[in-house]
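Take a look at the following structure, please.
Read-outs throughout are calculated quantities, based only on the coordinates presented, and are distinct from any laboratory measurement. Everything numeric here is computed off the predicted structure, so don't read it as measured data. Neighbour counts are summed over all protein chains in view; Cβ atoms, including those assigned to glycine, are modelled from backbone coordinates with ideal geometry.
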Amino acid sequence: MTLATLERKPEFRPWPKSEPRGSVPPRELLEEAAPIALWDAAIKQATRSTHSRHRTGAIIYDPVDSTVVGRGCSHNPDKSPWIETRSVHAERHALWSLPPDFPWTYGCIVVTLTRTNNFAQVSKPCASCASLLRSYDIDHCIYAERANDASWTVQRLPVHLLTNCKPPRTIL
Ligand SMILES: [Zn+2]
């Protein structure tokens with residue numbers, strides 16, 4: 001192999017130049033899963049996060065009229081003898097803000113932003129938030145994730161699938 005052949009070898013690019021690594025899902029795609037105002041509310045919560053990485057925002061919403069009924073962001077709580085955890089996740093924070101005796105049709109939208117205000121590759125709730133959402137009888141959870149080919153998908157999963165538990169018993 002001559003030097004000229006080597007020089008012609010295409011440059012290895014781990015990421016296509018036209019697809020910058022940072023990105024946000026197309027608004028039309030988000031809107032297929034939930035009204036854009038709800039996504040904007042979740043994004044606003046994420047920007048309130050006190051974390052520098054994993055800035056997560058969560059909203060609980062009523063699908064009947066698309067109103068936001070609970071909201072929260074990931075943050076480090078003030079030092080308090082009552083709170084043992086060093087970090088409060090957005091989903092937990094949003095659940096705390098719910099009124100008592102809410103219907104079990106409510107959904108949750110989770111958005112995690114990077115330092116540069118792009119969507120994180122995956123905004124899926126962690127295992128502990130997933131089981132917490134389930135214990136509060138939240139019906140479903142919506143979040144965006146990016147596939148290996150750089151395209152975005154929006155997941156809308158029943159909460160029991162997030163936790164890999166059996167579905168709730170059907171009430172006859
Ligand atoms: Zn979590």
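Does the range 95-151 come out rounded, prolate or oblate by the C-alpha gyration tensor, with a ≥ b ≥ c the root eigenvalues, rounded set by a/c under 1.5 and, if not, prolate when a/b is larger than b/c and oblate if not? Display every interim value, and only then the final one.
Values: a/c = 2.67, a/b = 2.18, b/c = 1.23.
The shape class here is prolate.
Order of 160, 93 from fewest to most other C-beta atoms within 10 Å?
Working: 160 17, 93 22.
The most exposed by this proxy come first: 160, 93.
Turning to a different aspect of this structure: Can you check what the net charge comes to around residue 73, using other residues whose Cβ is under 13 Å from the Cβ of residue 73 (Lys, Arg +1; Asp, Glu -1)?
Working: positive: 44, 48, 55, 71, 92; negative: 91.
Result for the local shell: +4.
Still on this structure, please answer the following. Quick check: net charge around residue 122, other residues with Cβ under 12 Å of its Cβ, Lys/Arg +1 and Asp/Glu -1? Spell out each step's value before the answer.
Working: positive: 124, 146; negative: 145.
With Lys, Arg at +1 and Asp, Glu at -1, the neighbours total +1.
What does the charge add up to near residue 45, with Lys and Arg as +1, Asp and Glu as -1, over the other residues with Cβ less than 15 Å from its Cβ? Can you show the working numbers first?
Working: positive: 44, 48, 55, 71, 92; negative: 40, 91.
In short, +3.
Another one. Taking N as the number of residues in the range 36-128, what is its alpha-carbon radius of gyration divided by 2.2 N^0.38 Å?
Working: Rg = 13.1 Å, N = 93, 2.2 N^0.38 = 12.3 Å.
In units of the globular-protein estimate, the range 36-128 measures up at 1.07.
Okay, next question. Could you line up 102, 119 from fewest to most neighbouring Cβ atoms inside 10 Å? Please list the in-between numbers first.
Working: 102 15, 119 22.
Fewest-to-most Cβ neighbours within 10 Å comes out as 102, 119.
Answer with one residue from 90, 107, 157: the one whose Cα lies farthest towards the positive end of the charge dipole of the range 24-158, charges on Cβ with Lys, Arg +1 and Asp, Glu -1.
My answer, from the dipole projection, is 90.
Starting from the Cα of residue 145, step 7 Å along the direction of its Cβ; do the same at residue 127; then give the gap between the two resulting points in nm.
1.5
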